[in-house]
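The values are calculated or read from the model by the stated rules, or taken from the named source; none is laboratory data. Here the structure is a predicted model, which means the values were calculated and not measured. With ideal geometry, Cβ positions are generated from the backbone for all residues, glycine too; neighbour counts draw on all protein chains shown. SASA here: full protein model, heavy atoms, side chains in, ligands and nucleic acids out. Shrake-Rupley method; radii C 1.70, N 1.55, O 1.52, S 1.80 Å.
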Amino acid sequence: MKEVWNRIYHALAHDTAASVIDMIIVAVILYALFAFLKKNNAQRLIKYVIGFAAVGFILSSPVVGFTLTGKLLTYTIIIIALGIATMFPQELRRNLWRLSSPRDKAEIYSTQYDCSDDELRKGINDIVRAVQNMAKNDVGALIVIAPTTIPPHIIESGTELDAKLSCPLIECLFNTKAPLHDGAVFIRGNRIIAAGCFLPLSQNINVDKELGTRHRAAIGITESCNVVAIIVSEETGVISVATEGELTRYYDSVMLVEKLEQVYGLRAIPAKKRKRSRV
């Protein structure tokens, strides 16, 4: 061991600048690895990773003489990275999408849901099918997707449900004979939080005068809260989406799936080329 540390000391003294940079890079990689494991409740793995890396470092030294074992363990970081990618594919994918998305959307990828990605995708499909069915039948609807917190006073204005999301349930809630059809339905993850909620109307004078109460309410809630609102026009069956106080009309099923996957952190969010004009 003394000979090993003497070799390390001479290597560091030979090229101090390169050695310092080398140590900083290794420290950053290890910090990122341990932070990732801690965030995903895998703290117990940290001690095994440290032990495995230490053994690999020692055995890879030519002084020890374990040539084959040392050669194998020089790829310790690659083996660890592959292992983590196998154990946490969803979390790794969300972090990669977070890096490729605008900085102001980072909150979406740090949001935790009490369900898997597959359950989120099923919920998205249920929402899209329900919206498409209501659009074909000219049934008005206002659905608010809340990836983060929901203002309590708005939830209290309706009826709390906390029901599992499904296409038939959404359509039932907006049935014209149902008592809750006039208000907004709030959804988080794959759960319907509340229905029949009253939303603040937008006071923006630039909003098209032809738009009804549902559209103004959708714009109003997205002006004050980090939510996305889906609107189905009762008169025309046109599907619109409001986000950040802006309204985009004429959504089809493909566009709606893509938008919801972005909201749920299942897809990277493209950077805005320029601000859309209000409709």
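For segment 128-137, the set of residues classified as buried (at least 17 other Cβ atoms within 10 Å of the Cβ) and under 23 Å from the mean Cα position of the chain (by Cα) consists of 128, 130, 131, listed by residue number.
Scanning segment 95-127 for residues that are aliphatic (A, V, I, L, M), surrounded by 16 or more Cβ atoms within 10 Å (Cβ to Cβ) and either at pLDDT below 85 or over 11 Å from residue 265 (Cα atoms) (or both) yields 108, 124, 127.
Could you pull out every one of the helices (runs of 4 or more DSSP H) wholly within segment 167-279 that has 1 or more residues that are touching a helix residue (DSSP H, G or I) at 6+ places or on another chain (Cβ under 6 Å) and among the polar types (S, T, N, Q)?
Details: elements: 167-173, 213-224, 253-263.
Helices (runs of 4 or more DSSP H) meeting the threshold: 253-263.
So which residues in segment 148-166 are open to solvent by less than 60 Å² (accessible area, probe 1.4 Å), in a loop (DSSP other than H, G, I, E, B) and closer than 21 Å to residue 113 by Cα, if there are any at all? Scanning segment 148-166 gives 148, 150, 151, 165, 166. Look at segment 236-250: where a residue is in contact (Cβ under 8 Å) with a residue 60 or more places away in the chain and a partner is assigned to a strand (DSSP E or B) and aliphatic (A, V, I, L, M), sitting 6+ places away or on another chain with Cβ atoms under 9 Å, you get 238/231; 238/232; 239/230; 239/231; 239/232.
Just to be sure, is residue 171 out of contact with any His (no Cβ under 8 Å at 6 or more places or on another chain), surrounded by 15 or more Cβ atoms within 10 Å (Cβ to Cβ), closer than 24 Å to residue 261 by Cβ and among the charged types (D, E, K, R)? Full working, then the answer.
Details: out of contact with any His (no Cβ under 8 Å at 6 or more places or on another chain): yes; surrounded by 15 or more Cβ atoms within 10 Å (Cβ to Cβ): yes; closer than 24 Å to residue 261 by Cβ: yes; among the charged types (D, E, K, R): yes.
Yes; evaluated as a whole, the condition is true for this residue.
For segment 182-198, residues that are open to solvent by 10 Å² or more (accessible area, probe 1.4 Å) and under 15 Å from residue 260 (Cβ atoms) total 3. Of the residues in segment 224-240, not one is farther than 23 Å from residue 136 by Cα, among the charged types (D, E, K, R), more than 18 Å from the chain's Cα centre (by Cα) and open to solvent by 10 Å² or more (accessible area, probe 1.4 Å).
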